[in-house]
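Enquirer: Have a look at this one.
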Amino acid sequence: MGSTGVWCATACTALAVSLMARSAALAQSPSPHIPTPAHKQTPVVVAFGSCGPDGKAGDPDENHLKNRTDTATSYTAVTFGAFRELFDPATLEDSSRARWPHTLLQQIEKPEGVPVSLTGFLAQVTNADGLKHGARPEGAEATNCRLTTPTKVDWHLWVLPSADSLRRVSVVAEITPRLRAQHAGWTLTKLDRIAHDRIPVRVSGWTLFDPEHPDQLAQTRGTLWEIHPIDRIEVQLNGHWQTIDSWQPSGTTKKGD
């Protein structure tokens, strides 16, 4: 092989490697848009103890979506902007889906129930105990039949684009008791540690429009769109992602810090 051939072989190999690396990087880049697939996975919802699939009172259609327990085979990584660009009718006079105009329901349903993942940081929130935590157990809600025992309530997480961001730009993500029962490794202690130590977190689950909290917009959330329910939580440690199910944080953290 002549010098030209040797140069081409070397240069072409380098170019191919560069293009492959760029393609891999692009493939991993989060999408600025929520996908709107023509066919979606049908929610699987079953009774949870004494609480039926559609909760009790409130909007049964909304409760049904919140109470799904199926998991996705894959997730589309999306940006925070992908949530902000979604149609967000904050002035609904009626939160019951059955009474929404058909055109409104279509606009909401198109990007809803899509499996996505969002990478960011967990906000620290001050709970009823006066201490800072990485999640907040909620009280009685229609979706959980207004039960208030610790194992029957949702946990709210606020996912931030940066560790220093305020909650007013966050995307709310929720851990439901039905899915928490399947993940013994999802503990408040771990979520506290993730928030306190500013560990990058990747939250995966289903897109959902929750019309019940318009008063929180620009205060403690950036949009009424949520990841709800969460069905996968990962942390980035030493450059690698791992689920928190088996993760055992080293050392201890004082919650009041």
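The values are calculated or read from the model by the stated rules, or taken from the named source; none is laboratory data. Quick caveat: nothing in here was measured; it's all calculated off a predicted structure. We place every Cβ from the backbone using ideal geometry, glycine too, and count neighbours over all the protein chains shown.
Enquirer: Could you list, in sequence order, the residues of segment 138-153 that are touching a residue at least 40 places away in the same chain (Cβ under 8 Å) and either among the acidic types (D, E) or surrounded by fewer than 17 Cβ atoms within 10 Å (Cβ to Cβ) (or both)?
Expert: E141, R146
Enquirer: Now, a different point. Checking the structure you have, find out if any residue of segment 195-213 is farther than 20 Å from L147 by Cβ and in a helix (DSSP H, G or I).
Expert: yes
Per-residue answers, yes or no, for (1) at positive phi; (2) at pLDDT 95 or above; (3) in contact with a His (Cβ under 9 Å, 6 or more places away or on another chain):
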{"site": "A38", "(1), (2), (3)": "no, no, no"}
{"site": "V45", "(1), (2), (3)": "no, yes, yes"}
{"site": "S50", "(1), (2), (3)": "no, yes, no"}
{"site": "F80", "(1), (2), (3)": "no, yes, no"}
{"site": "A90", "(1), (2), (3)": "no, no, no"}
{"site": "P111", "(1), (2), (3)": "no, yes, yes"}
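Enquirer: Then there is this: Taking the options L191, L118, name whichever one is crowded, with 21+ Cβ neighbours inside 10 Å and assigned to a strand (DSSP E or B).
Expert: Answer to the check: L118.
Enquirer: Does Q182 count as in a loop (DSSP other than H, G, I, E, B), surrounded by fewer than 19 Cβ atoms within 10 Å (Cβ to Cβ) and modelled with pLDDT of 95 or more? Before the answer, list the steps.
Expert: On the way: in a loop (DSSP other than H, G, I, E, B): yes; surrounded by fewer than 19 Cβ atoms within 10 Å (Cβ to Cβ): yes; modelled with pLDDT of 95 or more: yes.
Taking the combined requirement at face value, the residue satisfies it.
Enquirer: Say whether the condition of being among the acidic types (D, E) and within 30 Å of W241 (Cα to Cα) is met by at least one residue in segment 83-99.
Expert: So in segment 83-99, the residues among the acidic types (D, E) come out as 85, 88, 93-94.
From what's left, within 30 Å of W241 (Cα to Cα): 85.
The answer is yes; a qualifying residue exists.
Enquirer: Sticking with this structure for a sec: For the list (1) closer than 24 Å to N63 by Cα; (2) in a helix (DSSP H, G or I); (3) of a type in the set (D, E, K, R), I need the number of the one condition that E174 fails.
Expert: The number of the failed condition is (2).
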